[in-house]
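Working notes for the structure below.
All of the numbers you see were taken from the coordinates with simple rules; none came from a lab. Owing to the predicted nature of the structure, the values given are computational and were not obtained by experimental measurement. Cβ placement follows ideal geometry from the backbone for every residue including glycine, while neighbour counts extend to all protein chains displayed.
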């Protein structure tokens with residue numbers, strides 16, 4: 001059994017500088033993280049809103065990184081602060097001068113010491129890009145199994161629009177499927193790529209730092225192509241450089257029972273089944289027709305189809321039993 005736990009924190013109630021979107025961010029994150037798209041359980045989420053003190057928040061973080069879970073995820077939405085030495089902090093409501101909250105270095109140290117296999121830290125706060133950049137006397141590096149995703153660079157602010165953080169709005173879209181690969185897996189790397197493409201050079205810039213030897217899946221959605229169809233790619237293309245010769249017998253509408261122009265050879269069940277798989281692969285960029293714009297015309301005009309570079313990548317994964 002894979003054990004995954006997440007601590008999701010949203011703080012609006014700062015006495016001198018209240019926020020509006022952080023509770024919404026945290027509640028939405030809890031909802032999307034606790035189950036996969038098919039309803040199966042995902043993270044065991046602990047949602048904490050408006051944690052009042054540094055002591056309570058630190059206790060929650062220490063508890064998150066205790067034990068030996070497969071994946072521990074920390075999400076924080078609230079105020080962030082950067083001191084004169086370049087050190088970052090997540091701010092708590094009981095902040096006082098020279099004691100604003102929990103240092104990002106301190107959180108990194110707890111993650112580094114954790115026995116959890118994968119540690120994921122996601123921060124939607126100002127100056128969050130300072131996380132993972134050791135400062136002062138703290139020379140801790142990003143330890144094994146740690147991935148860090150932040151809303152902005154260390155010298156940037158993180159914005160709220162429409163009751164949510166700009167970063168978390170994109171993060172939620174990514175987790176709902178925008179960042180999924182063909183198999184339906186969503187990883188920290190694919191989330192960063194999704195958000196990076198959505199924010200331009202004049203916007204706040206997300207930051208991604210990691211020290212891992214493999215990506216862990218944070219959520220699963222319905223695959224863009226059925227896995228069995230994907231696995232059939234090595235049966236359809238025995239050699240990845242070959243072309244499959246098509247003809248009208250592959251097109252199911254080329255049948256005398258269908259009222260329109262048709263041509264010989266008429267639809268053959270086995271060819272039709274093969275062609276449907278090829279069309280599914282074409283829709284997700286694995287296969288392209290040769291010398292035609294559409295698979296339909298490749299069949300009706302007796303052309304061929306071939307693997308794309310992406311298709312060859314997945315062909316190799318299937319051949320090597322990675323899928």
Hey, can you rank 89-100, 245-256, 163-174 by average C-beta count inside 10 Å, highest first? 163-174, 245-256, 89-100
What do you get for the angle between helix 309-319 and the principal long axis of the chain? Use alpha-carbon atoms, 0 to 90 degrees, nearest ten. 90 degrees
By count of other Cβ within 10 Å, fewest leading, how are 315, 202 ordered? 202, 315
Based on the alpha-carbon gyration tensor of the stretch 100-217 and its eigenvalue square roots a ≥ b ≥ c, which shape applies: rounded if a/c is under 1.5, prolate if not and a/b is larger than b/c, or oblate? oblate
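Tell me whether the stretch 227-319 comes out rounded, prolate or oblate; compute the Cα gyration tensor, take square roots of the eigenvalues as a ≥ b ≥ c, and use a/c under 1.5 as the rounded threshold.
In terms of gyration-tensor shape, prolate.
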With Cα atoms, 0 to 90° folded angle of helix 188-198 axis to the chain main axis: 90 degrees
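Please report the antiparallel percentage of DSSP beta bridges with both residues in the chain, rounded to the nearest 5.
50 percent
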Could you work out how far helix 104-113 tilts from the main Cα principal axis of the chain, as a 0 to 90 degree angle to the nearest 10? 70 degrees
Of 304, 40, how do they rank once you tally other Cβ atoms within 10 Å and put the fewest first? 40, 304
For 238, 290, 45, what ranking results if the residue with the fewest other Cβ atoms within 10 Å of its Cβ goes first? 238, 290, 45
If you average the C-alpha positions of the stretch 243-290 and of the stretch 92-127 separately, how far apart do those two centres end up, in angstrom? 56 Å
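Cβ neighbours within 10 Å, averaged per peptide: list 142-150, 62-70, 277-285, 12-20 in order, most packed at the top.
Final packing ranking: 142-150, 277-285, 62-70, 12-20.
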Answer rounded, prolate or oblate for the stretch 1-149, using the Cα gyration tensor with square roots of eigenvalues a ≥ b ≥ c: rounded when a/c is under 1.5, else prolate when a/b is larger than b/c, else oblate. oblate
Can you give me the P(r) profile for the chain? Cα pairs, bins 10 angstrom wide beginning at 0, each as a whole percent. 6, 23, 26, 17, 13, 10, 5, 1, 0
